[in-house]
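Chemist: One structure, as C-alpha cells, below. Some questions next.
Every number in this text was worked out from the coordinates using simple rules, so none of it is lab data. Just so it is clear, the structure is predicted and the values come from calculations on it, not from any experiment. A quick note on method: Cβ atoms are made from the backbone with ideal geometry, for glycine too, and the neighbour counts reach across all protein chains shown.
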Amino acid sequence: MVKYNKLTMILIILSVAIVAIVAVDGYRPLPKDLILRFHPYVGNQPLVLHHQSYKNPGGSGDFSITDFQLFISNITVKYSTSSISELNSYHLIRFDGGTSFDQILIPKIKIKDIETLSLGIGVDPKANGTIMFTGDLDPNSRMAWNWQVGYKFLLLEGKLTIEDKQIPLVYHIGFDESYAVLNFDITDEKISNDGVINFKIDLLRLFQKTSITGKSLAKTPLKQKINYIDMSEISQVKFAPDDVKKIAYGFHHFINIVNIVNIVN
Amino acid sequence: MKSAKVVGVLIPIFIASTIYYINNKKPATHLVEFTAPFVFGRFTVPQNNPLTQESVLLGRRLFYDPLLSSNNQVSCATCHKQPLAFTDGLKTSVGVSGKPLAFNSMSLVNLMWGPKHFFWNGRSPSLEDQAIQPIEHLDEMSRNIEDLLVDLNNDDTYRDLFKRAFGEVSAQGIAKALANFQRMLISSNSRYDQYIRGELTLSSIEEQGRKLFMAHPDTKVILRGGNCIDCHSQFLTGGFSTMFDGFSNNGLDDDQALQAGLFTLTNNEAHRGLFKAPTLRNIAVTAPYMHDGRFTTLEDVLAHYNGGIKRSKTLSPLIIEADNIPKTQKNHISLNLNDDEIIAIIAFLHTLTDKEFLTNPAFSNPFTEENNNG
C-alpha cells in the first residue's frame, strides 16, 4: 500500500480544489453587453423620415414624419432573486442617425436568466422637475420646454396631406402624468446570441383611441379591433391636458418585443 | 587608445540625443482656470488641444493681427469686433477682396456649448477647423499658410509665444491657438444671467417677454407664446447641440429662393434651407440679423415671425403651426402677437446684453494694450 505523507496529501487536495474552482468559474456565464434595439414602424411599415408617406389611420389623407424622438428611462432587469437598475438611466432615442434603428447598450451584465425588463417612457417626475444634466437629459436641448414645464417625453413632427391641403403635425407629449413604466417578460429566446433584444415601436399605436368608436384599420394578435384617432382632428398636441392624455395612452401599447426574423432592416 | 575611441563614439551620441531632447521637449504649459454657469451644461475640449494659458495668449494676439491676411489689413477682429459681440455690423462681411461675403458675421460667444457644427451652414466640424478656413479663403484673408509661417518665424514675439504654447510655429498651432482664444469668449453676466442666479428681478415687461420667449403658443389652453424656445435653448439661447437639432428653416425664403444651408454639409434634400440657430446673447448689439443680414432691427425680425414667413418644402412644422389665435387663414403663417407682446419680447432680448463681456480687457486687442503701455 502506498503511503502518502502529509505534504503530498495537502498538495493533492489543493490541486483538486483549484481545478474545481476553475471548472465552476468556467461554467459561470461571463458578463456581456445587453443591447436594447428599437425599430420604428408605422403599422407594419418601417418608418422612413421625410421621404415616406403613410395613411392617416383614423381619417383621410397621408402623413409623413420629419422628426421622431423619445426618452427611455430607468431601465431595470430582474432575475429570480436579484435585479440591476441602470444609473443615470435617461436615454434619448432618435431615428435620424443613418441607421433604421436606435439602441441602448447596458454594459457587462449577466444576460442569461433575465426574467423581466422594465423601462419608462418619458422622464420620471423627480428628474422632470430638475435642471440636472443626467444621462441624456439636457435643459438646453430640443426636448426641454423650459425649467418650469420640464421635458417633452416624445416629439413627433411632420405633415398631413389631404388632397392639396397640408396640415402641420406637432405632437410634443410631456407632463408627469404621462410617464409610463412598461414591463416585459424576458426569456433567453428573446435575447439574440449577440445580446440584443429587439423592440418594435409602432407610431400608429400613439393614435389608438381609448374608446371603441372610430375607423378600424388594424387588428391585434387577439383579433381585437383597434380604433384610431383622425390626425386631422388632433393635428397638434402640446399643453392641452385632454389631448396629451389621448396620445400618451399609446405609451402603454406602442412598444413590443419582436423576434429578430420579423424585423426588416 | 581604447577609451579615447569610446569617448569619441559617446560624445556625438550625447550631443545628438541632447539636440533631439531639446527639439522634442514639450513646453511646460498651464491650464486655464475659468468658471461658467452650471446651466450651460457639459462641454468638451479636444484632447489634442488642451486649454492652456499659453495657447490662449497666442490666440488672442493672432486674432487681432492683420499679418494673417495677404494685404496685412484684415484680421479676425475685422469681422469680429468685441463691442459688437464679435460681429461687424455689416449685412455680410467684407474681406481682402472687397467683395461682400456670402454670410453675415456670426457672434463668437460661448462656443464650447451648442452645436458642434460651425458657420451658418455647419460646414466646419471643429473650432480649430473654423479658425483656419477664413485665413486661406480667397475673399476673406487670402493668406498662404506657408508664407504666414515664414513671417511668424521671423517675428521674435511670435516665435517665443509659439515655443511656449506648442514648441514651434506651425499651421496646426495657429488653428489651435485661435480656437482656444475663442473658447474663452464666455458671456455669462447679462441681466438674464443675474436673474437666473437670483440676483435681480426682471421688470414686468421683461418678465412678460421672457415668458413669451419660453412658450410655444397653444390656443387650446390660451397659452400665448413667441415660439423662440423651439429653436433657441432656454439658458444658452443658441441652437441645440445634438446632431442637427440646432439647424432650422425659419421661413425666410420660398422654394424658388431657398438657399442650400445645411444641405452643403449633408447633401440631404431635407436639409436644404436649414441654417444654424445663432445664440441670442448680446443680440441687441449684433444687428443686422439672419444668415444674410437681411433684417436691420429686432423689430424687423419679430415682424418676420409675425406674418412674414414664406412657405417652402423644408419649413419647420413648428413655425407653420405656431399661432396665438386659432387658425383662420390657413395659408397665412403668423404668430399673431400683439404690439405689446412684440415690445415685451424685444425688452427681454435686451436683457441678454452682457456689458462686462463686451468690454472685458482679456478679450480686447493686445496691440492697443502694448501701444498704450509704451
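Chemist: Give, rounded to the nearest 20 debye, the magnitude of the charge dipole that chain B has about its Cα centre when Lys and Arg contribute +1 at Cβ and Asp and Glu contribute -1 at Cβ.
Modeler: Numbers: 34 positive and 39 negative charges, 206 e Å.
Around 1000 debye, computed over chain B.
Chemist: Output needed: percent of Cα pairs per 5 Å distance bin for the stretch B:20-117, bins running from 0 to the one holding the longest distance.
Modeler: With 5 Å bins starting at 0, P(r) equals 2, 10, 14, 17, 19, 14, 11, 7, 3, 1, 0.
Chemist: State the antiparallel share, in %, of DSSP beta bridges confined to the protein assembly as shown, rounding to the nearest 5. Each step should come with its number before you reach the end.
Modeler: Numbers: 65 of 75 bridges.
Around 85 percent of the beta bridges assigned by DSSP in the protein assembly as shown are antiparallel ones.
Chemist: What net charge do the residues around A:Asp136 carry, taking every other residue with its C-beta under 12 Å from that of A:Asp136, with Lys and Arg at +1 and Asp and Glu at -1? Each step should come with its number before you reach the end.
Modeler: Numbers: positive: A:Arg94, A:Arg142, B:Arg42; negative: A:Asp102, A:Asp138.
Overall, the nearby charge balance is +1.
Chemist: Ok, one more. Once you have the Cα-Cα distance between B:Thr219 and B:Ser17, take 0.36 nm times their residue separation minus that, and quote the gain in nm to one decimal. Provide the component values of the computation, followed by the final result.
Modeler: On the way: separation 202, 0.36 × 202 = 72.72 nm, distance 7.66 nm.
Result for the pair: 65.1 nm of gain on full extension.
Chemist: Let's test the formula: R0 of 22 Å, r as the Cβ-Cβ distance of A:Lys112 and A:Val258. What FRET efficiency results, to the nearest 0.05? The partial results should precede the final answer.
Modeler: On the way: r = 21 Å, r/R0 = 0.93.
The calculated FRET efficiency here is 0.60.
Chemist: Tell me the angle of helix B:171-183 to the major Cα principal axis of chain B, expressed in degrees between 0 and 90 and rounded to the nearest ten.
Modeler: 40 degrees
Chemist: Counting other C-beta atoms within 10 Å, which of B:Ser17, A:Ser53 has the fewest, and how do the rest follow?
Modeler: Fewest-to-most ranking of B:Ser17, A:Ser53: B:Ser17, A:Ser53.
Chemist: For a footprinting-style exposure proxy, rank A:Tyr79, B:Tyr289 by other Cβ within 10 Å, fewest first. Intermediate results must be reported in sequence, preceding the final value.
Modeler: On the way: A:Tyr79 15, B:Tyr289 19.
Result, fewest neighbours first: A:Tyr79, B:Tyr289.
Chemist: Taking 20 °C and 1.002 mPa s as the conditions, I'd like the Stokes-Einstein D for the stretch B:191-356 in µm²/s, using the Kirkwood hydrodynamic radius from alpha carbon pairs.
Modeler: For these conditions, the coefficient is 130 µm²/s.
Chemist: Under the 0.36 nm per residue contour assumption, what length would be gained going from the current alpha-carbon distance of B:Glu207 and B:Ala284 to full extension?
Modeler: Numbers: separation 77, 0.36 × 77 = 27.72 nm, distance 1.71 nm.
In short, 26.0 nm is gained.
Chemist: Loop-only check: which GluC sites (Glu not before Pro) in the stretch B:168-224 are DSSP coil with at most 16 other Cβ within 10 angstrom?
Modeler: Numbers: sites: B:Glu168, B:Glu199, B:Glu206, B:Glu207; in loops: B:Glu168, B:Glu199.
Of the GluC sites (Glu not before Pro), the ones in loops of the stretch B:168-224 whose Cβ has at most 16 other Cβ atoms within 10 Å are B:Glu168, B:Glu199.
Chemist: Could you work out which residue, out of A:Phe251, A:Phe133, A:Phe101, moves most in a Gaussian network model of chain A, that is, has the largest mean-square fluctuation with Cα springs under 10 Å?
Modeler: The residue with the greatest mean-square fluctuation here is A:Phe133.
Chemist: Another question, if that's okay. Computed over the Cα atoms of the stretch B:46-186, what is the convex hull's projected area averaged over all directions, in nm²?
Modeler: On the way: hull surface 31.6 nm².
Its Cα hull, projected and averaged over all orientations, spans 7.9 nm².
Chemist: Nearest 500 deg cm²/dmol is fine: what mean residue ellipticity at 222 nm does chain B get from its DSSP H runs of n ≥ 4 alone, each adding -39,500 (n - 2.57), divided by its residue count? Don't skip to the answer; put the middle values down first.
Modeler: Numbers: 15 runs with 135 residues, N = 374.
It lands at -10000 deg cm²/dmol.
Chemist: Restricting attention to the alpha-carbon atoms of chain B, what are Rg (one decimal) and Dmax (integer), both in Å?
Modeler: 24.6, 106
Chemist: Let me ask something else about it. For the stretch A:106-166, what does the equivalent ellipsoid look like in terms of its semi-axes, each the square root of 5 times an eigenvalue of the Cα gyration tensor, given largest first in whole Å? All intermediate terms of the calculation are to be shown ahead of the outcome.
Modeler: Working: eigenvalues 197, 95, 21 Å².
Working through the eigenvalues yields semi-axes of 31, 22, 10 Å.
Chemist: With a Cα-only, solvent-free Debye model of the stretch A:32-262, what are the log10 I(q)/I(0) values at q = 0.09, 0.13 Å⁻¹?
Modeler: So the normalised log intensities work out to -0.38, -0.80.
Chemist: When the Cα atoms of the stretch A:44-167 are enclosed in a convex hull and the volume is divided per residue, what value in Å³ results? List each step's numbers first, then the result.
Modeler: Values: hull volume 20.1 nm³, N = 124.
Spelled out: Cα convex hull of the stretch A:44-167, divided by residues, is 162 Å³.
Chemist: With labels modelled as points extended 7 Å from the Cα through the Cβ direction, what inter-label distance (nm, one decimal) is found for A:Asp185 paired with B:Val45?
Modeler: The modelled label-to-label distance comes out at 5.5 nm.
Chemist: Still on this structure, please answer the following. How shielded is B:312-319 by partner chains, expressed as the average number of their Cβ atoms within 10 Å of its Cβ atoms?
Modeler: Values: counts 0, 2, 2, 2, 5, 14, 9, 1.
Other-chain Cβ atoms within 10 Å of each residue's Cβ, averaged: 4.
Chemist: Can you give me the long-range amide H partners of B:Leu223? Hydrogens built in the peptide plane at 1.01 Å from N, cutoff under 5 Å, separation of 5 or more residues or another chain.
Modeler: Excluding prolines and chain starts, which carry no amide H, the hits are B:Asp218.
Chemist: Assign one of three labels to the protein assembly as shown, namely rounded, prolate or oblate, based on the Cα gyration tensor with a ≥ b ≥ c the square roots of its eigenvalues; rounded applies when a/c is under 1.5, prolate when it is not and a/b is larger than b/c, and oblate otherwise. Please report the intermediate quantities before stating the final value.
Modeler: On the way: a/c = 2.18, a/b = 1.07, b/c = 2.04.
The shape class here is oblate.
Chemist: In addition: Zone of B:Lys26 (label point 7 Å along Cα→Cβ, backbone N under 15 Å): which residues in the stretch B:162-178?
Modeler: Residues passing the 15 Å test: B:164-168.
Chemist: Order by neighbour count: B:Leu58, B:Leu148, fewest other Cβ atoms within 10 Å first, most last. Spell out each step's value before the answer.
Modeler: Details: B:Leu58 27, B:Leu148 21.
The order, fewest Cβ neighbours first, is B:Leu148, B:Leu58.
Chemist: Along the Cα-to-Cβ line of B:Thr297, 7 Å from the Cα, sits a label point; which residues in the stretch B:316-356 have backbone N less than 15 Å from it?
Modeler: Answer for the stretch B:316-356: B:339-340, B:342-347, B:350.
Chemist: Given the stretch B:193-236 reduced to its alpha-carbon atoms as identical point scatterers, what log10 I(q)/I(0) does the Debye formula return at q = 0.18, 0.20 Å⁻¹?
Modeler: Each listed q maps to, in turn, -0.58, -0.69.
Chemist: If you don't mind, another one. Please state the shape class of the stretch B:70-138: rounded when a/c is under 1.5, otherwise prolate if a/b exceeds b/c and oblate if not, all from the C-alpha gyration tensor. Could the numbers behind the result be given before it?
Modeler: Working: a/c = 1.70, a/b = 1.35, b/c = 1.26.
Taking the square roots of the gyration eigenvalues as a ≥ b ≥ c, the stretch B:70-138 is prolate.
Chemist: Report, in cubic angstrom per residue, the convex hull volume of the C-alpha atoms of the stretch B:132-233. Could you put the intermediate results ahead of the total?
Modeler: Values: hull volume 18.5 nm³, N = 102.
Here the figure is 182 Å³ per residue.
Chemist: Counting other Cβ atoms within 10 Å of each Cβ, which trypsin sites (Lys or Arg not before Pro) in the stretch A:97-178 have at most 15 and sit in a DSSP loop?
Modeler: Qualifying residues, ordered by number: A:Lys112.
Chemist: Calculate how many DSSP beta bridges within chain A are antiparallel, expressed in % of all such bridges and rounded to the nearest 5. Don't jump to the answer; show the numbers that get you there.
Modeler: Details: 56 of 65 bridges.
Antiparallel bridges: around 85 percent, rounded to the nearest 5.
Chemist: Quickly work out the A:Gln103-to-A:His50 label distance, labels modelled 7 Å from Cα along the C-beta direction, and quote it in nm with one decimal.
Modeler: 2.5 nm
Chemist: Using a simple spin-label model with points 7 Å from Cα along the Cα→Cβ vector, what separation in nm is obtained for B:Ala4 and B:Glu269?
Modeler: Result for the modelled spin labels: 8.6 nm.
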